[in-house]
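Scroll down for the structure; my scribbles are underneath it.
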Amino acid sequence: MDKTVAPKAWSSQAARYGENSGDAKRPALIKGGQLSNVLILLLSSLILVQKRDDLLVKSGLSKFDVERWTLDVERFPMIRRAIYPGSFDPVTNGHLDVIDRARKLFDEVIVAVAHNDQKHPLFTLAERLELLQATIGKLENVEIAPLDGLLVDFAVAREATAVIRGLRAISDFEFEFQMALMNRKLEANVETIFLMPKEEYTYLSSRIVKEIARLGGRVAEFVPGRVAAALEAKLKR
Ligand code: ADP
């Protein structure tokens with residue numbers, strides 16, 4: 001006879017089922033069917049974890065990257081907001097074309113007007129803001145704001161995930177490329193997106209429009225009506 005003394009709790013349970021009736025009558029903690037379910041669950045979890053790790057290795061991301069990315073998503077809400085920065089001295093139809101494209105891609109577009117004193121603008125910041133307001137002020141998902149300081153700081157403060165820039169020709173590319181990379185270095189969470197305007201605007205710039213107006217040429221087909229009038233008034237001698 002087995003002399004092993006069963007623990008008290010077990011022995012009282014055993015007593016209920018009959019002391020010497022053998023294992024068959026003991027209560028099973030996990031029944032056969034349940035056990036196989038638990039094993040299947042464990043196995044599938046292991047396979048899933050392995051699959052995730054394989055994917056991470058393939059994508060070149062580490063677990064840490066994924067965690068950081070998840071945190072960044074929390075920091076930048078799902079509303080897609082972009083900043084379109086520039087001097088807008090003055091706003092032209094080329095700018096408007098870019099704004100129109102951007103507002104179809106993003107929930108909100110902030111047109112950010114830089115002071116740019118070193119460029120000696122023709123219009124003051126207040127005038128440039130006002131001309132933009134008169135032109136696109138009524139667009140629902142477009143905001144106009146002055147831009148002071150670093151663009152990426154402004155983007156982070158306004159929870160924007162993208163900076164929009166217009167690309168007209170190869171000549172724009174080098175400067176824009178350098179700016180985009182520098183901005184990415186300063187703030188990795190803000191992407192620069194380049195948009196191309198309609199071909200007819202690719203030769204258009206605020207500088208050329210000002211030059212034409214200064215020389216007495218017609219600018220009506222290059223800028224909104226309010227801007228054409230403002231240029232005429234500004235350059236009247
Ligand atoms: P900045 O001084 O920053 O160049 P601009 O007002 O000249 O300011 O231009 C702002 C942005 O708009 C730039 O990305 C510029 O390339 C783009 N842009 C200007 N004119 C046009 C145009 N005709 N078509 C498309 N993009 C343009």
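Of the listed pairs Lys119/Lys185; Lys58/Lys104; Lys138/Lys198; Lys138/Lys234; Lys119/Lys234, which have alpha-carbon separations greater than 28 Å here? Lys58/Lys104, as the Cα separations exceed 28 Å there.
Between the range 216-237 and the range 88-119, the alpha-carbon centres lie 19 Å apart.
Length gained on full extension, Leu48 to Arg158: 35.8 nm, using 0.36 nm per residue less the C-alpha separation.
Model label points for Ile193 and Leu55, set 7 angstrom from Cα along the Cα-to-Cβ axis, are 2.4 nm apart. Distance between the pseudo-spin-label points of Asn37 and Ala145 (7 Å out from Cα toward the beta carbon): 5.4 nm. For the range 81-235, the percent of C-alpha pairs falling in each 5 Å distance bin, counted from 0 to the bin holding the largest distance, reads 2, 9, 19, 22, 23, 15, 7, 3, 1, 0.
Using a simple spin-label model with pseudo-atoms 7 Å out from Cα toward Cβ, Ile212 and His120 lie 2.3 nm apart.
Rule-based calculations on the coordinates, nothing more; no lab input. This structure is a prediction, so every number in the text was calculated from the model and none was measured. Positions of Cβ are backbone-derived with ideal geometry, glycine not excepted, and every protein chain shown enters the neighbour counts.
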